[in-house]
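No lab work stands behind these numbers, since they all come straight from the coordinates. Predicted model, so just to flag it, every value in this text is computed and none were measured. Because the Cβ atoms are built from the backbone with ideal geometry, glycine has one as well, and the counts that use them run over all protein chains shown.
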Amino acid sequence: MLGFIGARRKGAQVGVALEREGNGCCCWHGSVFCNTNSDMESCSSSLSPVKQGSELEMLQKEHEKKMQKIQQLKQQIADTKISLERKKKEVPEEKMEAFRALTEQYNNMRNEYNALLAKNK
């Protein structure tokens, strides 16, 4: 048997309950739907709008915090990736610069040696 419980009162939430042949009720409490195995009276009184609102707000805040943490971690991952790529490029550049400096030093010493050898002949 289906039935309607509750009515819109000034400033009150609407409560609608559908009774299922002895299987408890399914209730719509303002913005929350519950499906319990309790009787309709206890079901309609168990979820107060204040409780629902505060629980919803708590869950929303928790969700927002998790989303912020996810965004922070994404940004840290992106920053770390950029830093690693930069270091990856810097290391070969540093090695090449050191190689160039050693090559130049070698060439200067070789030229000086050859010049001294030419004077001694």
Q | Under 22 Å from the Cα of LYS95 - lysines, other chains or at least 8 residues apart | A | LYS81, LYS87
Q) Within straight cross-link reach of LYS51, meaning Cα distance under 25 Å, which lysines are found once same-chain residues fewer than 8 apart are removed? A) LYS10, LYS61, LYS65, LYS66
Q) So how far apart, in nm, are the two label points at LYS88 and GLU112 if each is 7 Å from Cα heading toward Cβ? A) 4.1 nm
